[in-house]
Amino acid sequence: MSTLTHSFHIPLSRRRLLHSLLLTTGGIITSSVYAEALTLTPRATEGPYYPDHLPLDQDNDLTMITGGKAPASGVVTEFGGRLLNVDGKPVQNAVVELWQADNNGCYIHSRGAQQGKEKDPQFQGFGKIETNAKGEYRFRTIKPGLYTGRTIHYHIRVKQNGRSMLTTQLFIAGVPQNDRDGILRSMGTEEQRLSVIREFKPMSADSKELVGTWDIVIGSTPEDAERGGRGPGGPGGPPPRRRDSAEVSDRDIKEALFGPSF
């Protein structure tokens, strides 16, 4: 598994918010107030293409398969950040999984090839990493290809103590299809939707590789307990219509701070 060499920090806008909270609360920030400064990551459908046969190589570098003859085709993209709980504390020793379409818009699922397209045999398609003591994770992959009916996206699942805590999707800012993607438009509140659309920039002025930063904030309720396994949020199904733990937490935090009428 690749070693994490990058550090991550609270984005400037969040630091400004926390600074204003320090001023207004006399220097005391409770866990509820800090959680309000964070945005809980919304849940999304697993989709139909979670691998039905996991690859032998499952590390966090999807661009090169162990023993492969060449790197995967496509624009190399890295992203990472921290896994945090609702109190803003890092979650260590959790597993973050990633699966996505290759440069041709195909998944490694047995039915994941688009009509008229071939899967890239050099693309790993699925990877995972365990968060370190700071809650950090990182993936090296490619910019996903488009497939019919969707926008460019990454699938993410967080597991803790063997239980699924969150299934969600990550999107790239500036992609035209984002505005009409039905899955993205159904994900939580407007603030939550904005939290899963991240900007990816060139690693350097002369680099073609892209890099982005994304902190994942999870609630405390296992996803398995709410969904009864794969249930309505499973392959091909819509996101659960019942209020999930992230939405409940957002509501409860706001009521605690501002009262039930907020």
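The table below lists the values:
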item: Dipole axis of region 187-226 (+1 Lys, Arg; -1 Asp, Glu on Cβ), positive-most option in Val217, Met203, Met187; result: Met203
item: DSSP-loop GluC sites (Glu not before Pro) across region 91-161, with at most 14 other Cβ within 10 angstrom; result: Glu118
item: Summed residue charge, Cβ within 13 Å of Pro51's Cβ, Lys/Arg positive, Asp/Glu negative; result: -1
item: Other-chain or far-sequence residues with amide H under 5 Å of Val217's (modelled H); result: Thr41, Leu84
item: Length released on extending from Thr148 to Arg180, taking residue separation times 0.36 nm less the Cα-Cα span; result: 10.3 nm
item: Leu194, Leu184, reordered so the largest accessible area comes first (probe 1.4 Å); result: Leu194, Leu184
item: Table column - 3J(HN,Hα) (Hz), region 118-128, Karplus curve with 6.51, -1.76, 1.60, x for Gly and Pro; result: 10, 5, 7, x, 9, 9, 5, x, 8, x, 8
item: For Ala94, distant residues with modelled amide H under 5 Å away; result: Thr131
item: Whole-Hz ³J(HN,Hα) from phi, Karplus 6.51 cos²θ - 1.76 cosθ + 1.60, for region 180-194, glycine and proline x; result: 10, 7, x, 5, 4, 5, 9, 8, x, 7, 4, 4, 5, 4, 5
item: J(HN,Hα) series, region 147-161, from Karplus relation 6.51 cos²θ - 1.76 cosθ + 1.60, nearest Hz, glycine and proline x; result: 10, 3, x, 10, 9, 5, 7, 10, 9, 10, 10, 10, 10, 9, 6
item: Projected label distance in nm at Arg163 and Arg111, using a 7 Å step from Cα toward the beta-carbon; result: 3.1 nm
item: Thr77 long-range amide H proximity, modeled H, under 5 Å; result: Thr141, Ile142, Lys143, Leu210
item: Cβ crowding within 10 Å averaged over residues, with 196-209, 67-80 ranked highest first; result: 67-80, 196-209
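The values are calculated or read from the model by the stated rules, or taken from the named source; none is laboratory data. Source: prediction; values computed, not measured. As a convention, Cβ positions derive from the backbone with ideal geometry for all residues, glycine included, and neighbour counts pool all protein chains shown. What goes into the accessible areas is simple: the full protein's heavy atoms, side chains included, and nothing from ligands, DNA or RNA. Shrake-Rupley method; radii C 1.70, N 1.55, O 1.52, S 1.80 Å.
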